[in-house]
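Read through the structure below, which is laid out as structure tokens, and then see the notes.
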Ligand code: PEP
């Protein structure tokens with residue numbers, strides 16, 4: 001088998017009400033036979049406990065979309081990594097570009113959140129990615145590897161974290177880099193973990209759809225996908241998961 005099992009992750013963003021727990025059965029029905037890969041769903045925080053309970057024993061892991069840097073305290077409205085772990089969820093996304101842009105999260109905050117996730121026993125999915133301007137200036141690899149270096153806590157080993165490479169210009173836009181450009185970035189990211197890069201799972205994210213999933217997931221350097229919009233449709237997400245061969 002492969003050194004790194006592919007991981008297909010759904011990021012529901014701010015979508016989903018209690019009725020949408022029916023997604024789970026529809027997805028499983030569309031999925032068919034089990035293949036050798038990991039499946040993760042990150043629903044909104046309001047659904048996380050119910051979703052995690054419903055996914056227990058059916059081979060779907062769950063995760064949060066963000067966590068606080070602190071584990072408890074006077075932080076009205078925030079949700080800690082320990083609270084996410086307490087639901088039975090195993091992962092948490094940190095540093096998504098929508099948090100970096102919309103909530104002014106910087107690398108230093110992302111690093112603190114990733115550290116809190118590790119402390120709570122969660123696997124942080126650390127998101128990085130360049131803007132279109134940075135790519136067009138030829139700076140994409142330097143920007144992303146610097147961002148990653150500054151967003152990773154000291155304690156982060158290649159086996160305890162997942163990295164999501166999500167070019168900002170590809171998220172929700174229908175545009176994607178070529179699989180070759182994504183692979184080149186993944187190769188550069190792997191070098192940020194000297195000596196253990198072979199263990200690191202790096203997901204590609206940004207406008208992954210059933211139609212293009214195989215182009216990315218068939219690449220040796222690409223260990224999975226982080227899927228936003230297309231993950232809300234259970235049949236479409238099943239097709240993306242089944243693009244792993
Ligand atoms: C994301 O939110 O992580 C993402 C990649 O979104 P989309 O698939 O909609 O581009």
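No value in this document is a laboratory result; all are computed from the given coordinates. The structure presented is a predicted model; accordingly, all values stated were derived computationally and were not measured. Note that each Cβ is placed from the backbone with ideal geometry, even for glycine, and that neighbours are counted across all protein chains shown.
Out of segment 230-245, which residues are within 12 Å of the ligand (Cβ to nearest atom) and more than 22 Å from residue 129 (Cα to Cα)? Give the derivation first.
To start, the set of residues in segment 230-245 that are within 12 Å of the ligand (Cβ to nearest atom) comprises 230-233, 236-237, 240.
Listed by number, the residues that qualify are 232, 233, 236, 237.
For segment 208-229, state whether one or more residues are in contact (Cβ under 8 Å) with a residue 40 or more places away in the chain, away from the ligand (no atom under 16 Å from the Cβ), more than 19 Å from residue 170 (Cα to Cα) and part of a loop (DSSP other than H, G, I, E, B).
no
Can you name the residue in segment 72-99 that is within 16 Å of the ligand (Cβ to nearest atom) and in contact with a strand residue (DSSP E or B) (Cβ under 8 Å, 6 or more places away or on another chain) and, of all such residues, is farthest from residue 171 (Cα to Cα)?
Within segment 72-99, the match that is farthest from residue 171 (Cα to Cα) is 91.
Can you name the condition, by its number, that residue 115 falls short on among (1) outside any strand (DSSP E or B); (2) within 16 Å of the ligand (Cβ to nearest atom)?
Failed condition: (2).
Could you check segment 13-106 for helices (runs of 4 or more DSSP H) lying wholly inside it with 1 or more residues that are over 28 Å from residue 152 (Cβ atoms) and in contact with a helix residue (DSSP H, G or I) (Cβ under 9 Å, 6 or more places away or on another chain)?
Numbers: elements: 22-31, 45-55, 81-86, 97-102.
So the answer is 22-31, 45-55.
If I filter segment 180-198 for residues that are within 12 Å of the ligand (Cβ to nearest atom) and either part of a loop (DSSP other than H, G, I, E, B) or surrounded by fewer than 18 Cβ atoms within 10 Å (Cβ to Cβ) (or both), do I get at least one hit?
Taking every residue of segment 180-198 in turn, none turns out to be within 12 Å of the ligand (Cβ to nearest atom) and either part of a loop (DSSP other than H, G, I, E, B) or surrounded by fewer than 18 Cβ atoms within 10 Å (Cβ to Cβ) (or both).
I need the full set of residues from segment 131-153 which are under 19 Å from residue 105 (Cβ atoms) and not in a helix (DSSP H, G or I), in order please.
Correct list: 131, 152, 153.
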